[in-house]
Amino acid sequence: MVLILNGISPTNLPQDTQSLYNDYPVYAKTAGDLLAIPSRVIEPNKLLYVGQSEFAAVLPHDPNVDIIGSDAATTCIIIVLRHSGSGAVALGHFDGSETKEGVVAVIQKLRGLSLARSEGRLELQLIGAYENESSSSEEVFRGIIQAFHEYPDGIHLTLACVGKVITIYDDKKVPKPIIYGIGIRVKSGEMFPATYPDKGPEQHLRSIRSIEALPSQRMVDIYDNESGFLKIQPFHYEPWAHRSCWSNRTDEALLQRYSTSPMAEPPDMAHNIRNMLKFIHEHSARDVFKDNKPLLFRMHSGLWEPLD
């Protein structure tokens, strides 16, 4: 089976975002519809935030989650996969690492949640991969559509808000994303542009995974649907690897070192990188993940709290 584009099973996939829009103009229109929705600032109440190199899936009636979402996507792509029969929705934040493995894991997770509903189809939405100078966004795009194309189930691409469509140029002709993130209301499937001032528990630790973890420790599932726990799987990082960076480098230097799009990052990105490096400096992986066990959090009064 292949990735289905506007009802068509293509012999050859588009090799870049521009080719997708040239061959299937409908995707430019539906992307414009998404971009026309005002962006919302999402509070943490019953929020399941998915960071870079993470994914999660939920059913519409999940008692812990009202909104699932992600942001800070520049060259990355946020994928949303929904089963039209069960209403289950999965969201992943892909940066080009472990793409094929991550796509397979997302599909299998969603399929598992939808076993009771045989009718329905898998619908895919892509958001991100702005038109940057190095074309690294295009590499992420190609990897994702190829991975979905190779999966044996038919998957319908219903939204592609990527490339030039999601890009705007500032006064200095620097390209930047029009939106950096999205949210989905899990009960209705409604999607909207969104930002998240509070990204949930242990955000600095979770951010380390995308730059320090081994490839096999990336694209991890952060939500246990049976227990309702948010989980941070253990991974290894070196606490002294960045000790010379976090305290004395400028914001510009940090962005150049740790971002694929230093001119297009959200305003708080350098601050977040600095805090992440400080966390690495002060906390070893052995101390954080005692006995190599995951960190678990449960929903209490609408917020995630550590499991005692």
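Coordinate-derived values only; no laboratory data. Quick caveat: nothing in here was measured; it's all calculated off a predicted structure. Here Cβ is always computed from backbone atoms with ideal geometry, including for glycine, and neighbour counts include all displayed protein chains.
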Most positive-pole-ward Cα, S207, T17, V165, against dipole of the chain from beta carbon charges: S207
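Loop-only check: which trypsin sites (Lys or Arg not before Pro) in region 164-195 are DSSP coil with at most 13 other Cβ within 10 angstrom? Please report the intermediate quantities before stating the final value.
Working: sites: K164, K172, K173, R185, K187; in loops: K172, K173, K187.
Within region 164-195, the qualifying trypsin sites (Lys or Arg not before Pro) (loop, at most 13 other Cβ atoms within 10 Å) are K172, K173.
Based on the alpha-carbon gyration tensor of region 102-226 and its eigenvalue square roots a ≥ b ≥ c, which shape applies: rounded if a/c is under 1.5, prolate if not and a/b is larger than b/c, or oblate?
Numbers: a/c = 1.55, a/b = 1.34, b/c = 1.16.
Because a/c hits 1.5 or more and a/b exceeds b/c, region 102-226 counts as prolate.
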Charge dipole (debye, nearest 20) of region 34-154; +1 at Cβ of Lys and Arg, -1 at Cβ of Asp and Glu: 480 debye
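P(r) tail for region 169-308, what percent of Cα pairs lie past 21 Å?
Working: 5272 of 9730 pairs.
So the pairs more than 21 Å apart make up 54 percent of the total in region 169-308.
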The chain, Rg to Rh (Cα coordinates; Rh as Kirkwood inverse mean 1/r): 0.95
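Kindly provide the GluC sites (Glu not before Pro) of region 115-170 that DSSP labels as loop, not H, G, I, E or B, and whose Cβ sees at most 11 other Cβ atoms within 10 Å.
Working: sites: E119, E123, E131, E133, E138, E139, E150; in loops: E119, E131, E133.
Sparse-neighbourhood loop GluC sites (Glu not before Pro): E119, E133.
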Residue-span extension gain [K278 to N248] - 0.36 nm each, minus C-alpha spacing: 9.7 nm
Among D170, D95, D62, residue whose mean-square fluctuation peaks in a GNM of the chain (springs only between Cα atoms under 10 Å): D170
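If you take every residue apart from R111 with its C-beta less than 13 Å away from the C-beta of R111, what net charge results, scoring Lys and Arg +1 and Asp and Glu -1? Display every interim value, and only then the final one.
On the way: positive: R82, K109, R117, R121; negative: D153.
Around R111, the surrounding residues sum to +3.
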The chain: most fluctuating residue of Q256, Q233, Q18 per GNM, C-alpha cutoff 10 Å: Q256
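Report the per residue volume, in Å³, of the convex hull enclosing the C-alpha atoms of region 74-176. Let's see the in-between values first.
On the way: hull volume 8.6 nm³, N = 103.
Enclosed volume per residue, from the Cα hull, is 84 Å³.
Sorted by mean Cβ packing within 10 Å, highest first, what order do the peptides 263-276, 48-61, 67-80 take? Intermediate values should be presented prior to the final figure.
Details: 263-276: 17.5, 48-61: 22.6, 67-80: 24.7.
Listed from highest to lowest mean packing, they are 67-80, 48-61, 263-276.
To two decimal places, what compactness ratio does region 1-82 give when its Cα radius of gyration is scaled by 2.2 N^0.38 Å? Intermediate values should be presented prior to the final figure.
Details: Rg = 15.9 Å, N = 82, 2.2 N^0.38 = 11.7 Å.
Normalised by 2.2 N^0.38 Å, the Cα Rg of region 1-82 equals 1.35.
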